[in-house]
Every structure is written in C-alpha cells, then in structure tokens.
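Notes follow the structure.
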Amino acid sequence: MKNILLFLFILLMVTQLYAQKVTLSGIVTNEASGETISGAYVILKDTLTKSAQQGAITNTSGFYSITVEKGTYLLDVVFLGYKQITENITITSNQKRNIDIEYLSILADEVVITGKAADRNVLSVDVGRMEMKIETIKALPAFMGEVDVLKSIQLLPGIQSGSEGNSGFYVRGGNADQNLILLDEAVVYNPGHLFGFFSIFNADAVKNIEILKSGMPANYGGRLASIVDVYQKEGNMKKYELDGGIGVIFSRFTIQGPIKKNKASFIVSGRRTYIDWLIQPFLKKESPFKNAKFYFFDLNAKVNYIINEKHRIFIGGYYGSDVYGFKSNSGHLNSLFSWSNGAASLRWNYIISPKLFLNTSATFSDYKFKTEMKQSVYNFAISSGIRNYSLRSELTYFPNPNHYVKFGAHYVYHTFFPSNFEIEAGQNNILTLPKSKPFFANELAIYANDEWNIVKWLKINYGLRYTHFSHIGRFTRYILDDRMQIVDSIEYKPGQIAKQFNNVEPRLAARFLLDPSTSIKASYTMNYQYLHQVSMASISLPTDVWMPSTAFVNPQVGHQASLGMFKNFHSNMFEAYIDLYYKHMKNLVEYKDGLDLNILQVNSDQILTQGKGYSTGAEFFLQKNSGWFTGFIGYTLSFTQRQFNDLNNGEWFWAKYDRRHDVTVCLNFEILRNRLSASLVWVFASGNTMTVPVGYYFFSGEIITEYSDRNGYRLPPYHRLDLSLNWNILKRKRFETGINFSVFNVYNRKNPFFIFYETTTNFNLEVQPPVFEMTTKAYKMSLFPIIPSINWNFKIK
C-alpha cells in the first residue's frame with residue numbers, strides 16, 4: 001500500500017513540469033449511431049513535416065486526451081473500418097473536441113477484419129492483448145448457424161477449446177476457472193448454454209471483445225490465465241433499428257434507438273431456442289423426449305444517458321436460463337437440469353478535467369444451478385451457486401504525452417453456496433442430510449498502473465496491485481480427526497474473520513522498437529486468485545462448484561513471463577508475431593481421491609487437495625488485414641503438467657487439456673463486393689489426455705481395476721473443416737436482409753468426445769484348469785457429424 005502511494009506521489013511531482021502545455025480532449029463516437037468507439041487513434045502531426053508529434057488511443061468510453069505545446073497541428077483520427085479524419089487545428093488553450101467518424105462496411109481497396117490502428121501490433125506495449133471485431137466473428141462459420149463469441153476467440157493462438165461443443169476454454173495451460181469473463185464489468189461465472197455447446201453472449205448485443213492472456217496491467221486481477229472483457233452495445237442515439245435472425249434451432253431479435261435523440265438511448269436483445277416445440281408433434285407417445293423440456297433463452301438490455309458534457313451513465317443487465325428435463329417411457333423416472341446467470345451493472349463516467357477521467361461502477365452477478373431426479377417414491381436434488389456485489393472506481397490520468405496512468409480500488413462481497421443435497425424416500429422415510437452452509441468473503445484490490453513512453457524505442461507498462469481477501473462468518477468450522485470424523489467445531493459470528501490473505505502483485509511489460517515495423521516485447525505478471533472452481537467431471541459443466549480461499553484452501557498463485565517479436569509487412573497489410581511464454585502455478589485445486597459419504601458432514605473445503613503446475617510454449621501468428629481475401633494462421637506448441645502430493649502417487653502428470661500442437665487456419669473471401677462473401681475455418685489439435693484401465697486383479701475376493709498413470713494416455717487428434725457463405729440479398733437505406741449458409745465438420749470427421757469401456761467376462765469352473773477371462777474394449781463416442789445450417793438475417797432502420 002505504501003509503495004503504491006509513493007509511486008503516485010513521485011508521478012504527480014514529475015508531471016508538474018508539463019503544467020504550461022495545453023490539452024486537447026474529447027470523445028470519439030460513431031457518426032451513424034452515436035455509440036462511443038474504443039481503440040481509435042487520435043494523432044496530432046506537424047503541419048510542415050506531417051510527422052506525428054503526439055497521439056492517444058481512446059479508452060473503453062471513447063475518451064482521449066493529448067497534451068502538447070500551443071500551436072497549429074494536423075489532426076488525424078484513425079480507426080480501421082472508418083473514414084479517416086484529417087484537418088488542421090489550432091490549440092492555444094485547453095480544448096474539448098468530440099469527434100464523429102463514419103463507418104465503412106467495405107472499403108474500396110480492402111476488407112477490414114480488425115478494429116485497431118494498423119501498426120498497433122508493433123507500436124503498443126500490449127503483449128498478450130488480442131481483439132476480435134464483431135463483424136469478423138459474424139462472418140465465420142457457425143455451429144447450427146449461431147454466431148458464438150467464445151468459440152471465435154478459441155481460434156486464437158494460446159487459447160484452447162475444452163472439447164467439441166464445450167464453451168469452456170483454457171489459456172496457456174490454465175484451468176477454465178482461471179479466466180475472468182466480464183460483461184460490462186460484471187463477472188460471468190458460467191458462460192455456456194446447452195451444457196457449454198453455445199456461449200451466453202448474443203453477438204447482436206456485443207459491442208467489442210478483448211482478451212488478455214499475458215502482460216496483464218494492474219487494473220485487472222483475480223484470475224491467473226486471462227481476462228475476457230466484453231462490452232454490450234449502448235443503443236443507437238440517432239434512430240431506431242430492428243434486427244434479428246431466424247435459424248435452425250433458435251431465433252434472435254434486437255431493438256435499439258434513442259429515448260431522447262443525442263441524449264439517451266436503449267437496446268434490448270433476446271434469444272430463445274425452439275427445438276423443443278418443433279420436435280414434439282413428431283414424437284411418439286412412448287418417446288422419452290415427449291413433453292420434455294429442452295430450451296434456453298437469454299435477454300440483454302442497456303440504457304445510455306448523457307447527463308451533460310462531463311457526466312454519462314450506463315445501466316446494463318443480462319439474464320439467461322437453461323432448462324432440460326426428460327421422462328422415462330414408464331413415467332417413473334424424471335430428471336430436470338436447470339441453471340441461470342444474472343448480471344447487472346451501473347456505470348458512471350465523469351470527465352473531471354481534460355486530463356482526468358473517472359469511471360465508477362456497481363455490479364451484481366448471480367449464478368445458480370439445480371439438478372432434480374425423481375424415481376417412483378424417491379426424490380434426489382443437488383444445488384449450488386455463487387453471488388457477488390461489487391463496487392469499483394478508477395481514475396485515468398493523462399499528465400503528459402509520455403504517461404497514461406490508471407489508479408483505483410475494487411471491492412467485492414462474495415456469497416458461495418456449496419453443493420446441497422436433498423433426498424426423500426416416501427412420505428414416511430425422509431433421509432435428512434446436513435445442508436452445506438454458505439461461505440461469505442470480502443475481496444479488496446487497490447492498484448496503480450502507468451504506461452510510460454520513455455524514449456521512442458522504449459515504452460513500458462508497470463504497476464502494482466494490492467489485494468486483500470478474507471473468509472468471514474457466519475461460519476462453523478468443523479474439527480476433524482484422521483478418519484474425517486467431526487470431533488469439535490468453532491463458531492464465527494457474522495463479519496468475523498475466519499481467515500485472511502494480503503498480497504502485492506507486481507506487473508511489468510516493455511516494448512523495444514527495432515524499426516518502424518518491428519518490435520520485441522517482454523512481460524512479467526504475478527497474479528493471486530482467491531476463487532476456485534472444482535469439478536469431478538473431465539469437462540466444464542454447470543454443476544461445477546465455486547469455493548473461496550479459506551484456512552484449508554490457499555489462493556492460487558501464478559507467475560508468467562513472456563518474450564515475443566512482432567513484425568508488420570507490406571504497409572501493415574500483414575502482421576505477425578512469435579511469442580514464447582513460461583507460466584508457473586501454485587495451489588491448484590482438485591477433489592481428493594477416495595471420497596465417500598463423509599463428505600456430506602464436513603466443510604466443503606476439507607475435501608480438497610492442492611498442487612502445482614507449469615505451462616510453457618510458443619505461439620506463432622500471421623494475419624492478412626486487407627485485400628480481396630483476409631484471415632490468419634495460428635499455431636501453438638505447448639507443454640502443461642500438474643503435480644499433487646495426494647494424486648498420482650505424488651508424481652507429475654500431464655494436464656487434462658495439455659495439447660502438444662494446436663493449429664488454426666481462418667480465411668475470409670470477398671467474392672462479390674458488398675454482396676457475397678465466404679469463410680473457411682480449419683482446426684487441428686492434439687488429443688486430450690486421459691486415464692485408462694490397464695488390468696484387473698483379485699483382492700479379498702473382489703475384482704479390482706488397475707488404472708494407468710493419471711492422464712497417461714492421449715485421445716486421437718481433433719480436426720475439422722467449417723465453411724460458410726454470406727449472401728447479402730438486399731441492402732437499402734432502411735432495410736437489409738441476407739442469408740448465411742454454414743457447414744460444420746465438412747468432411748464428417750468423427751472426433752472423440754469421450755471414451756467409454758465395456759468389459760466382458762468368461763467364467764468356467766467346471767473345466768480343468770478353470771477358465772477365467774476378462775476382456776475390456778474401448779469405444780469412442782463422437783458428438784457432431786457434418787451439420788449444414790441456414791440463417792436468415794434482417795435489419796430495419
């Protein structure tokens with residue numbers, strides 16, 4: 001804490017040397033909709049030499065600030081996909097200049113696939129930051145015709161999908177719970193629909209998406225692997241728009257427009273599946289799917305209100321729900337799976353001065369699931385969830401052209417609902433199980449971060465993040481003996497600290513410019529993660545349980561170092577990088593082996609074990625940004641291992657999603673300008689690891705199965721080809737319509753989803769010698785064959 005205050009004091013003293021300069025500031029917006037634009041370059045050039053003097057990149061609220069000497073300059077505003085603005089401007093005092101830029105869907109000589117400045121790949125200090133523009137995502141082939149934001153980012157190097165159809169993803173050897181997913185700054189704990197086959201993000205409601213996998217600045221924290229930062233659209237300030245689409249299994253609809261023109265706007269977007277409605281008339285009465293519940297829906301909403309030139313408010317929300325229920329032919333067995341995500345955010349932007357910008361937000365997140373099964377007179381249910389309230393305030397300070405400073409604080413109040421079991425066996429035979437009591441926790445972070453342009457060839461981003469986490473009451477801690485039996489307990493009153501942690505996380509990234517088109521970047525990041533997701537399944541499921549750090553579960557700790565070379569070619573038409581990384585992780589969490597019903601009587605954190613791990617690898621990336629075809633090729637070589645004293649006899653083992661090779665080819669073709677385009681995606685990945693039975697033996701009259709080393713075998717490689725064709729049938733001033741054709745898994749590759757085993761036995765004791773044979777065969781289950789789909793899309797404006 002003292003180090004952060006000293007850092008801020010020295011910085012403020014140094015910046016007083018620039019007090020005699022003047023500042024140009026303002027907000028960059030889309031001319032057509034009035035929405036703010038983040039990531040736009042605003043540059044002031046010398047009027048004679050046309051060389052850049054100073055520049056700035058707009059933040060997530062579209063705000064920029066440039067401090068220069070008094071004089072006349074050439075103002076350039078650059079954001080690929082938009083018309084470049086170039087005009088003379090004279091600055092003699094602090095000046096506010098809001099800028100509208102005009103969107104171009106297709107440029108005369110290029111097809112834009114990114115929303116950033118052309119040379120940002122080389123010039124920025126960002127090491128592991130990557131962006132995908134929504135227009136790019138919508139052009140890609142889509143499973144069942146539905147555009148999926150999370151599936152799209154899994155195409156990028158270093159980001160691996162969990163398994164086919166699963167929206168869980170793994171970044172540079174991290175676990176799924178080590179990704180912090182934000183929607184308008186509110187945390188999303190389960191990003192999947194339909195057991196992970198689709199993500200919760202409706203592309204029609206998403207404004208932009210950004211992912212950080214290394215070089216994480218100090219204003220981000222709480223996870224070891226990555227940050228996925230998603231912002232919803234703000235709503236059209238100028239006019240009303242209706243757009244949507246009808247697909248094979250679900251449809252979507254979005255409406256947006258001004259509440260008061262150029263003052264306030266709204267957007268509401270919804271999706272729902274209807275395959276449960278469509279198949280019912282064709283099912284026989286004895287079918288287990290007759291009258292089955294099988295659907296999901298979600299709803300996004302946001303209001304944007306400009307109070308005056310200095311103040312602006314955003315109110316956003318999301319709610320999504322999944323329900324899947326089945327009934328046996330006899331009607332004696334019913335099962336129901338349901339889960340829901342809720343998120344809400346209130347953000348206040350305040351331009352305090354031309355150099356000082358305040359963003360304050362209050363957010364709410366809630367996730368819960370429940371599984372119910374009924375058979376005759378027996379009822380079984382299990383439920384779990386997590387809820388948090390958060391308050392965050394961040395100041396962005398532009399003291400002079402060479403510094404870009406952020407400092408702020410973030411507080412979260414967590415409530416964890418561990419797994420609760422409910423069992424009934426008839427009216428007179430009720431089995432009562434002890435309910436798992438909630439865990440409560442406080443989390444606080446205070447941080448300071450500065451991006452410092454030291455000299456032309458050297459820029460650094462450095463910062464500190466102080467974190468505090470406390471597990472608090474009301475809480476009962478059970479004291480156990482060696483046999484996991486309760487021998488005593490300790491009661492903690494509401495608010496009383498049961499266990500607390502205090503840590504400091506240093507962050508550093510540097511960019512060394514070798515020439516105008518080549519740079520070397522390096523970073524070091526230390527992170528603490530106080531929340532843990534534990535699962536008994538090999539894939540990320542909605543039933544996975546979130547737990548806090550406690551006296552029995554230490555926070556996860558991650559150290560990551562990366563070194564890469566970044567290069568642009570042919571006037572920024574091509575960009576490429578090679579990035580090497582090493583990550584070390586401590587206090588990873590798994591369930592202990594050999595659990596029994598005693599786990600229902602103890603605290604949920606007493607059945608966990610912790611270990612360590614590492615991941616190292618190299619990422620290669622080549623992207624073409626312009627021309628009649630665009631796209632990228634990515635390749636990742638990686639090695640990821642884990643070690644737990646209580647698992648695998650304490651030996652190191654390969655992680656579940658250790659992948660030696662991961663290849664992606666993504667190409668976009670403009671066949672007829674503004675009318676017809678095609679996309680191709682091919683992916684290849686080494687198979688996931690797995691533990692398999694390798695033999696059997698008798699012990700005390702029982703047959704015991706002997707297994708291989710943990711994750712000692714590997715599934716066959718995964719690969720597939722997807723194609724899509726986008727046909728813009730009609731494009732008028734007030735109406736657009738088009739059709740998307742997609743083919744998933746074009747060559748019908750039977751990729752392994754999981755392996756199951758079937759054992760046959762042959763006993764014959766009547767012969768001599770007696771015959772005893774056991775044969776086990778492994779069978780591969782594949783999930784998706786070739787799947788064509790069609791979507792009709794429309795827009796009324």
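Taking the conditions exactly as written (open to solvent by 80 Å² or more (accessible area, probe 1.4 Å), over 25 Å from residue 669 (Cα atoms) and assigned to a strand (DSSP E or B)), does residue 766 satisfy them or not? Spell out the reasoning first.
Numbers: open to solvent by 80 Å² or more (accessible area, probe 1.4 Å): yes; over 25 Å from residue 669 (Cα atoms): yes; assigned to a strand (DSSP E or B): no.
Spelling it out, it is not the case that residue 766 is open to solvent by 80 Å² or more (accessible area, probe 1.4 Å), over 25 Å from residue 669 (Cα atoms) and assigned to a strand (DSSP E or B).
On the stretch given as the range 206-216, residues that are out of contact with any helix residue (DSSP H, G or I) (no Cβ under 8 Å at 6 or more places or on another chain) and either open to solvent by 10 Å² or more (accessible area, probe 1.4 Å) or of a type in the set (Val, Ile, Thr) (or both) total 2.
Is it fair to say residue 585 is among the hydrophobic types (A, V, I, L, M, F, W, C), within 28 Å of residue 712 (Cα to Cα) and not in a loop (DSSP other than H, G, I, E, B)? Lay out the reasoning, then the answer.
Values: among the hydrophobic types (A, V, I, L, M, F, W, C): yes; within 28 Å of residue 712 (Cα to Cα): yes; not in a loop (DSSP other than H, G, I, E, B): yes.
For residue 585, the condition - among the hydrophobic types (A, V, I, L, M, F, W, C), within 28 Å of residue 712 (Cα to Cα) and not in a loop (DSSP other than H, G, I, E, B) - is met.
Can you name every residue in the range 228-253 that is more than 25 Å from the chain's Cα centre (by Cα) and open to solvent by 40 Å² or more (accessible area, probe 1.4 Å)? Scanning the range 228-253 gives 238, 239, 240, 242, 246, 248.
Among the candidates 720, 673, which residue alone is exposed (fewer than 13 other Cβ atoms within 10 Å of the Cβ) and either out of contact with any Leu (no Cβ under 6 Å at 6 or more places or on another chain) or at pLDDT 90 or above (or both)? Quick ask: steps written out before the conclusion?
Values: 720 fails: exposed (fewer than 13 other Cβ atoms within 10 Å of the Cβ).
Result: 673 is the single residue among 720, 673 that is exposed (fewer than 13 other Cβ atoms within 10 Å of the Cβ) and either out of contact with any Leu (no Cβ under 6 Å at 6 or more places or on another chain) or at pLDDT 90 or above (or both).
Only one of the listed residues (518, 525) is on the phi < 0 side of the Ramachandran plot, out of contact with any Ser or Thr (no Cβ under 9 Å at 6 or more places or on another chain) and among the hydroxyl-bearing types (Ser, Thr, Tyr). That residue is 518. Across the range 289-312, the qualifying residues are those that are open to solvent by 50 Å² or more (accessible area, probe 1.4 Å) and in a strand (DSSP E or B), and the one among them that is modelled with the lowest pLDDT is 293. For residue 680, the conditions (1) surrounded by fewer than 19 Cβ atoms within 10 Å (Cβ to Cβ); (2) without any contact (Cβ under 8 Å) to a residue 60 or more places away in the chain are fulfilled apart from (2).
Taken as a whole, the condition of being open to solvent by 60 Å² or more (accessible area, probe 1.4 Å), within 26 Å of residue 245 (Cα to Cα) and not hydrophobic (A, V, I, L, M, F, W, C) does not apply to residue 780.
In the condition set (1) open to solvent by 70 Å² or more (accessible area, probe 1.4 Å); (2) assigned to a strand (DSSP E or B); (3) modelled with pLDDT under 95, residue 315 is compliant with all but (3).
Annotation for the range 733-746: no member residue is touching a helix residue (DSSP H, G or I) at 6+ places or on another chain (Cβ under 9 Å) and under 30 Å from residue 641 (Cβ atoms). Return the total of residues in the range 71-86 being open to solvent by 30 Å² or more (accessible area, probe 1.4 Å) and touching a Lys or Arg at 6+ places or on another chain (Cβ under 8 Å). Count: 1.
Scan the range 183-205 residue by residue and report those that are part of a strand (DSSP E or B) and open to solvent by less than 20 Å² (accessible area, probe 1.4 Å). Listed by number, the residues that qualify are 183, 186, 192, 193, 198, 199. Restricting the range 524-534 to residues that are at pLDDT 95 or above and open to solvent by 10 Å² or more (accessible area, probe 1.4 Å) leaves a set whose member that is nearest to residue 588 (Cα to Cα) is 528. Filtering the range 90-144 to residues that are among the hydroxyl-bearing types (Ser, Thr, Tyr), open to solvent by 50 Å² or more (accessible area, probe 1.4 Å), in a loop (DSSP other than H, G, I, E, B) and modelled with pLDDT of 80 or more leaves 92, 93.
Listed here are the strands (runs of 3 or more DSSP E) enclosed by the range 411-481 that have at least 2 residues being modelled with pLDDT of 95 or more and on the phi < 0 side of the Ramachandran plot: 439-455, 458-472. Among the residues of the range 624-640, those that are over 23 Å from residue 744 (Cα atoms) and touching a Ser or Thr at 6+ places or on another chain (Cβ under 8 Å) comprise 624, 625, 638, 639, 640.
Among the candidates 671, 633, single out the residue that is under 24 Å from the mean Cα position of the chain (by Cα) and among the β-branched types (Val, Ile, Thr). Reasoning before the result, please.
Numbers: 671 fails: under 24 Å from the mean Cα position of the chain (by Cα).
Criteria check complete, one pass: 633.
The test for being modelled with pLDDT of 90 or more and among the β-branched types (Val, Ile, Thr) holds for residue 352. With the structure loaded, tell me whether residue 266 is over 25 Å from residue 186 (Cβ atoms), open to solvent by 10 Å² or more (accessible area, probe 1.4 Å) and either part of a loop (DSSP other than H, G, I, E, B) or in contact (Cβ under 8 Å) with a residue 12 or more places away in the chain (or both) or whether it fails that test. Taking the combined requirement at face value, the residue does not satisfy it. Listed by first and then second residue, the pairs linking a residue in the range 732-758 that is farther than 23 Å from residue 680 by Cα and without any contact (Cβ under 8 Å) to a residue 24 or more places away in the chain to a residue that is surrounded by 12 or more Cβ atoms within 10 Å (Cβ to Cβ) and small (Gly, Ala, Ser), with Cβ atoms under 9 Å apart and 6 or more places separating them unless they lie on different chains, are 758/778. Of the residues 758, 736, which is over 25 Å from residue 663 (Cβ atoms) and surrounded by 13 or more Cβ atoms within 10 Å (Cβ to Cβ)? The conditions single out 736. Evaluated against (1) open to solvent by 20 Å² or more (accessible area, probe 1.4 Å); (2) part of a strand (DSSP E or B); (3) farther than 22 Å from residue 321 by Cβ, residue 258 falls short on exactly one condition, (1). Screening residue 728 with (1) modelled with pLDDT of 90 or more; (2) within 27 Å of the chain's Cα centre (by Cα); (3) open to solvent by 60 Å² or more (accessible area, probe 1.4 Å) gives one miss only, at (2).
Filtered by the rule that a residue be outside any strand (DSSP E or B) and free of Cβ contacts under 8 Å to residues at least 60 places away in the same chain, the range 494-539 gives 495, 496, 535, 536, 537.
The values are calculated or read from the model by the stated rules, or taken from the named source; none is laboratory data. Here the structure is a predicted model, which means the values were calculated and not measured. When we count neighbours, we look across all protein chains shown, and the Cβ atoms used for this are built from the backbone with ideal geometry, even at glycine. Please note that ligands, DNA and RNA were not included when accessible areas were found on the heavy atoms of the full protein model with its side chains. Shrake-Rupley method; radii C 1.70, N 1.55, O 1.52, S 1.80 Å.
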